[in-house]
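In what follows, a single structure is set out as structure tokens and then discussed.
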Amino acid sequence: MHTRIRLLAVPLTAALLAGCGAGATASPAAPTVAPAVTPAASVVPAPSAAASAVASPGQAASAAPSAAAISASCMMGQAQTLSSGKLTIGTDNPAYPPYFATDSGTPPKPWKLGDPTNGQGFESAVAYAVAGKLGFGASDVVWTVVPFDNSYAPGQKPFDFYLAQVSYTSERAQAVDMSDGYYFVAQSVVALKGDPITAAKSISDLKPFKLGAAQGTTAYTAIKTVVAPTAPISVYSTNDAAIQALKAKQIDGIVTDLPTAFYITAAQLDNSVIVGQFPVTPGPNAEHFSLVLAKGSPLTSCVNQAISALKADGTLDQVTKEWLSDKASAPVLQP
């Protein structure tokens with residue numbers, strides 16, 4: 001099951017961050033998280049409406065709330081939020097690319113690596129899109145720093161909702177409310193730059209190559225059932241072992257979930273690239289990221305309505321393609 005993994009600061013145009021896919025075995029060790037700032041310092045106003053309007057196509061597409069899809073009681077002015085007329089959104093710090101991004105490379109304090117407040121990066125764009133569906137403009141949103149593990153711990157929350165690549169688990173859902181999925185984890189292929197496999201543009205192009213994955217993972221299943229390669233599949237006890245095999249050129253590529261691929265290419269394996277990701281089919285058992293809310297939050301149903309509306313109007317697909325495919329250099333491989 002997914003555990004969030006930290007990584008080093010690298011350019012957004014490279015593949016950047018990781019987590020373990022459903023059924024994955026060992027995860028790379030996470031660096032120590034910087035201490036959270038004091039509550040007063042950790043709350044950051046959202047950008048002006050004008051600034052956020054150009055931050056992300058996905059955000060702009062959701063600026064006008066969908067009155068037909070969202071209950072009136074969920075809209076700004078009626079929704080029960082921590083602060084009247086404001087929507088408080090929490091995330092971890094550092095705010096890692098490609099989930100958060102900066103224009104200048106230096107985010108405003110207290111943020112590190114990425115800037116949640118500018119609407120750029122996958123999760124910043126998702127957050128403002130959800131806010132827009134609930135009638136909150138960019139200037140009505142404030143951000144607060146909350147360490148990842150604290151987000152789903154029992155107890156009161158200093159946010160209306162939280163997002164930081166938190167995978168849904170039944171254990172977490174016992175302590176907090178977890179929304180419907182806003183991102184379903186895809187499998188992907190990592191290879192060394194310049195190797196022939198990097199020219200693959202489709203899943204069928206991968207068939208002649210020798211692929212490896214950690215044993216007992218959904219990645220192994222994806223090789224067997226989605227790629228069905230003509231070469232034997234190599235199975236390893238951990239992703240680390242598969243990485244060593246790739247470095248030694250014993251295999252042509254590693255198949256792993258996309259968040260882990262971001263981490264491998266950013267922090268574990270020099271001179272590596274993401275060849276592409278497989279299309280994902282959401283389902284009841286598919287691993288997904290959820291927004292986190294306090295247990296029994298009156299906003300949970302509202303957030304789910306907003307996510308549903310973003311799926312229906314294509315905004316969520318657009319934001320995912322922009323930030324986790326195009327700008328993160330992880331194209332979707334078609335059959």
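What to note about this one:
- Criterion (modelled with pLDDT under 95 and either under 25 Å from SER308 (Cα atoms) or assigned to a loop (DSSP other than H, G, I, E, B) (or both)) met by exactly one of TYR96, TYR128: TYR96
- Of everything listed in (1) farther than 25 Å from ALA69 by Cβ; (2) under 17 Å from the mean Cα position of the chain (by Cα), the single unmet condition for PRO108 is (2).
- Residue check for SER83: surrounded by fewer than 23 Cβ atoms within 10 Å (Cβ to Cβ), assigned by TED's automatic domain parsing to the domain that holds GLN305, in a helix (DSSP H, G or I) and at pLDDT 95 or above: no
- Selection count, segment 183-233, where residues are surrounded by fewer than 17 Cβ atoms within 10 Å (Cβ to Cβ), of a type in the set (Ser, Thr, Tyr) and in contact with a strand residue (DSSP E or B) (Cβ under 6 Å, 6 or more places away or on another chain): 1
- In a residue-by-residue description of segment 274-289, the property of being more than 23 Å from ALA199 (Cβ to Cβ) and crowded, with 24+ Cβ neighbours inside 10 Å applies to at least one position.
- Qualifying residue in segment 159-172 (condition: assigned to a strand (DSSP E or B), of a type in the set (Gly, Ala, Ser) and within 26 Å of ASP257 (Cα to Cα)): yes
- In the set (1) under 26 Å from ALA267 (Cα atoms); (2) basic (Lys, Arg); (3) surrounded by 19 or more Cβ atoms within 10 Å (Cβ to Cβ), the condition left unmet by LYS109 is number (3).
- Scope segment 131-158; condition in a strand (DSSP E or B) and of a type in the set (Phe, Trp, Tyr); matching residues: TRP143
- Where a residue in segment 308-328 is more than 15 Å from PHE184 (Cβ to Cβ) and its partner, wherever it lies, is of a type in the set (Val, Ile, Thr) and part of a helix (DSSP H, G or I), with Cβ under 7 Å and at least six apart: none
- For segment 172-218, filtering for residues that are at pLDDT below 95, under 19 Å from ILE251 (Cα atoms) and within 20 Å of the chain's Cα centre (by Cα) leaves 2.
- Those strands (runs of 3 or more DSSP E) lying entirely in segment 200-312 with at least 1 residues within 30 Å of ALA72 (Cβ to Cβ) and in the same structural domain as GLN165 (by TED's automatic domain parsing): 288-294
- Only one of the numbered conditions (1) free of Cβ contacts under 8 Å to residues at least 24 places away in the same chain; (2) closer than 21 Å to ILE307 by Cβ is not met by GLN165, and that is (1).
- In segment 281-307, the qualifying residues are those that are closer than 29 Å to THR217 by Cα and hydroxyl-bearing (Ser, Thr, Tyr), and the one that is modelled with the lowest pLDDT is THR281.
- Of all residues making up segment 236-264, the number that are over 24 Å from SER329 (Cα atoms) and in contact with a Gly (Cβ under 7 Å, 6 or more places away or on another chain): 1
The values are calculated or read from the model by the stated rules, or taken from the named source; none is laboratory data. This is a predicted model, so every value here is computed, not measured. Glycine gets a Cβ as well: all are built from the backbone with ideal geometry, and neighbour counts include every protein chain shown.
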